[in-house]
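The values are calculated or read from the model by the stated rules, or taken from the named source; none is laboratory data. Bear in mind that the values here come from a model prediction, so they are computed numbers and not experimental data. Every residue, glycine as well, gets a Cβ built from its backbone with ideal geometry; the counts of neighbours run over all protein chains shown. Surface accessibility is based on the protein's heavy atoms, side chains included, excluding ligands, DNA and RNA. Shrake-Rupley method; radii C 1.70, N 1.55, O 1.52, S 1.80 Å.
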Amino acid sequence: MRPFRADRHGGGVHARFEAAEVDVLRRFAADAADRAERAADGAGSSAADADPALARLLPDAYPDDPEASAEFRRFTAERIAERKAGNARAVLDALGTTRGESVEVRLDDAQAQAWLRTLTDIRLALASGLGIEHDGDEGDVHDLESATRRAVYDWLAAVQEFLVLAVSRASRR
């Protein structure tokens, strides 16, 4: 990966991802879009109850008041989930459809914000599966699959940090 950098001409940010990195980003962005679309279709609390990752993405607004949380979710969850799905599709669109090749990604401000939101959603879903609840938690890394998911979680944190720094620099130009 060549990290995100602010464009010298015309604003925005850009990065280059190697083919294997593109595959990882596509897989997890597609999962995020699918999860959000399922949530939009069944926006009630039962969808969040059935999927711990979804519960992290659409948390209870009033944890001590289940009725108020259900009412709040009834009015907001579908729209929030649709936005999350749209953000994930923006990541997929920016990556294109080329297979087996590195990809140069160029993002304007709106696209960069969609990427940041999607990276956060992906990391929250991974954290849920790993049992990471607080800063500093290592998570339940007990086999090759969980170790791989933890490595992806950490790599996405670096991608996200580079993107935040590049967006910050671009906004100062």
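What the table shows:
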item: Any hit, region 65-82, residues being crowded, with 21+ Cβ neighbours inside 10 Å, among the hydrophobic types (A, V, I, L, M, F, W, C) and in contact (Cβ under 8 Å) with a residue 24 or more places away in the chain; result: yes
item: Region 87-132: number of residues that are of a type in the set (S, T, N, Q) and modelled with pLDDT of 95 or more; result: 6
item: Evaluation of G100 against (1) under 18 Å from R16 (Cβ atoms); (2) open to solvent by 30 Å² or more (accessible area, probe 1.4 Å); (3) touching a residue at least 12 places away in the same chain (Cβ under 8 Å); (4) in a helix (DSSP H, G or I) (one fails), failing number; result: (4)
item: Counted residues, region 147-173 - those being modelled with pLDDT under 95 and assigned to a helix (DSSP H, G or I); result: 4
item: Selection count, region 103-146, where residues are under 17 Å from the mean Cα position of the chain (by Cα) and part of a helix (DSSP H, G or I); result: 22
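Per-residue answers, yes or no, for (1) among the hydroxyl-bearing types (S, T, Y); (2) at pLDDT 90 or above; (3) outside any loop (DSSP other than H, G, I, E, B):
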| residue | (1), (2), (3) |
| --- | --- |
| F28 | no, yes, yes |
| D31 | no, yes, yes |
| E71 | no, no, yes |
| T76 | yes, no, yes |
